[in-house]
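Written out below as structure tokens is the structure these notes cover.
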Ligand SMILES: Cc1cc2nc3c(=O)[nH]c(=O)nc-3n(C[C@H](O)[C@H](O)[C@H](O)COP(=O)(O)OP(=O)(O)OC[C@H]3O[C@@H](n4cnc5c(N)ncnc54)[C@H](O)[C@@H]3O)c2cc1C
């Protein structure tokens, strides 16, 4: 049996594996090759929803999707890639072993960047992973039992990229739900970022985001950087000036870097640590290796580098899986090219904002955009829930979806 091995069962890895299984089925080669996927957890985490509560719906048990597709799940962590010997070392529960591959798809995703800021490692929370998001929520639930200090119900979110904005917009309501009625007025949420305005890169959505955060009573601190933090406070710096905010909760949303496994391939990584891949998702200069999702960089429309996003990770996976099988059996590979780009940012109880294009032109906002965001977070990015092989294979086909639909501002 030949083997197509996928590392990681996030958006890119799951769709790589399903797409590879679909292509094997299409070529009637299922008795000649297996698709195996290595992932530390038995679930697929819908990571983009980690700012939400409750988190249970964000987990998809992998066997419910991989089983019908005939993909083998190996619950383990990949530790080493030997791309010359075409072998991957894996570890699980203290034991290690190696797996040979004929085609490898690296889809191990990304991790939160953690610069060496005093106190960051020890005292900050994050929503980068399911575990991180659970830990944050568990901490918030302990707040009412803590001594009544000034910062008990203050949460400071550092980093006003999409993740930080989405979390900051949720936190006032989440905190108010946790605290006693008489303490609701003590809830305070601050969103800090080093750029000169909050949501600076959000084009036509920038003002919408500021308005939404203002109406949600989120305090904005642009132009500052995180200097240090401890269990009770955070210190923000602006040039020589510093501001100390008493806060029992500090959440770090400082950006992502590709998984360290990418550095094991003999390639020159991009500044985000990503493996350069061609239009067919082949790692440049590494025979037999494909890469997809946050640990890969493709020119998504032939010109612009892909963005670390599930928007790009899912189609990258579909094409990587398809092409790995095509390459193995001498079938024609398909180039990936996506000529549209959208950003849909959740703004908590206020609604959401939807932009299109790389310059982020405003398309819809408020409850209209929120309805679109709900569809994306609850349906569009999930594998079919029927558990039927034909539904799963249909969804895994190497085709580019149309942009999420929304009611446009200019059509109202
Ligand atoms: C809070 C939040 C909100 C976001 N919002 C959006 C959004 O609105 N829209 C959008 O497009 N993107 C959003 N993103 C970004 C998006 O989640 C990522 O870009 C996306 O998850 C990348 O998919 P991936 O498959 O490459 O990586 P991941 O989803 O991170 O999956 C990687 C998988 O690989 C596994 N893995 C890691 N190391 C190993 C190893 N050594 N061996 C085996 N398996 C391994 C992991 O356990 C995981 O299952 C958001 C991210 C966060 C954190």
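The values are calculated or read from the model by the stated rules, or taken from the named source; none is laboratory data. A quick note: this is a predicted structure, and the numbers were derived from the prediction, not measured. Because the Cβ atoms are built from the backbone with ideal geometry, glycine has one as well, and the counts that use them run over all protein chains shown.
For the stretch 41-49, does any single residue satisfy the condition of being farther than 22 Å from residue 308 by Cβ, in contact (Cβ under 8 Å) with a residue 12 or more places away in the chain and away from the ligand (no atom under 16 Å from the Cβ)? No, there is no match, as no residue in the stretch 41-49 is farther than 22 Å from residue 308 by Cβ, in contact (Cβ under 8 Å) with a residue 12 or more places away in the chain and away from the ligand (no atom under 16 Å from the Cβ).
The sole residue among 194, 114, 176 that is surrounded by fewer than 21 Cβ atoms within 10 Å (Cβ to Cβ) and assigned to a helix (DSSP H, G or I) is 176.
Of the residues making up the stretch 21-55, those that are under 22 Å from the mean Cα position of the chain (by Cα) and part of a helix (DSSP H, G or I) are 47, 48, 49. For the stretch 9-21, check the following and say yes or no: at least one residue is free of Cβ contacts under 8 Å to residues at least 40 places away in the same chain and within 13 Å of the ligand (Cβ to nearest atom). Among the residues of the stretch 9-21, not one is free of Cβ contacts under 8 Å to residues at least 40 places away in the same chain and within 13 Å of the ligand (Cβ to nearest atom), which makes the answer no.
Taking the conditions exactly as written (under 19 Å from residue 99 (Cβ atoms), within 15 Å of the ligand (Cβ to nearest atom) and in contact (Cβ under 8 Å) with a residue 24 or more places away in the chain), does residue 38 satisfy them or not?
yes
Residue-wise test of (1) closer than 27 Å to residue 322 by Cα; (2) not assigned by TED's automatic domain parsing to the domain that holds residue 42.
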| site | (1), (2) |
| --- | --- |
| 82 | yes, no |
| 96 | no, no |
| 101 | yes, no |
| 118 | no, yes |
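Of all the numbered requirements in (1) outside the structural domain of residue 35 (by TED's automatic domain parsing); (2) free of Cβ contacts under 8 Å to residues at least 60 places away in the same chain; (3) over 30 Å from residue 25 (Cβ atoms), residue 349 misses one, and that requirement is (2). Residues in the stretch 98-119 that are away from the ligand (no atom under 13 Å from the Cβ) and touching a strand residue (DSSP E or B) at 6+ places or on another chain (Cβ under 6 Å): 98, 100, 101, 102, 103, 117, 118, 119.
Any residue that is within 10 Å of the ligand (Cβ to nearest atom), within 20 Å of residue 259 (Cβ to Cβ) and not in a helix (DSSP H, G or I) - is there at least one of those in the stretch 57-64? Looking for residues that are within 10 Å of the ligand (Cβ to nearest atom), within 20 Å of residue 259 (Cβ to Cβ) and not in a helix (DSSP H, G or I), one finds at least one in the stretch 57-64, hence yes. Farther than 28 Å from residue 361 by Cβ and either more than 16 Å from the ligand (Cβ to nearest atom) or outside the structural domain of residue 308 (by TED's automatic domain parsing) (or both), is that true of residue 172? Against the criterion (farther than 28 Å from residue 361 by Cβ and either more than 16 Å from the ligand (Cβ to nearest atom) or outside the structural domain of residue 308 (by TED's automatic domain parsing) (or both)), residue 172 qualifies. Considered as a group, the residues in the stretch 342-388 that are in a loop (DSSP other than H, G, I, E, B) and away from the ligand (no atom under 15 Å from the Cβ) include one that is surrounded by the most Cβ atoms within 10 Å (Cβ to Cβ), and that residue is 384. State which residue is surrounded by the fewest Cβ atoms within 10 Å (Cβ to Cβ) when the search covers only the stretch 120-158 and only residues that are in a loop (DSSP other than H, G, I, E, B) and either away from the ligand (no atom under 16 Å from the Cβ) or at pLDDT below 95 (or both). Going through the qualifying residues, I end up with 147.
Taking the criterion of being in a strand (DSSP E or B) and loosely packed, with under 12 Cβ neighbours inside 10 Å, the residues of the stretch 79-97 that qualify are 95, 97.
The residues on offer are 50, 39, and the sole one that is surrounded by 15 or more Cβ atoms within 10 Å (Cβ to Cβ), closer than 30 Å to residue 346 by Cβ and touching a strand residue (DSSP E or B) at 6+ places or on another chain (Cβ under 8 Å) is 39.
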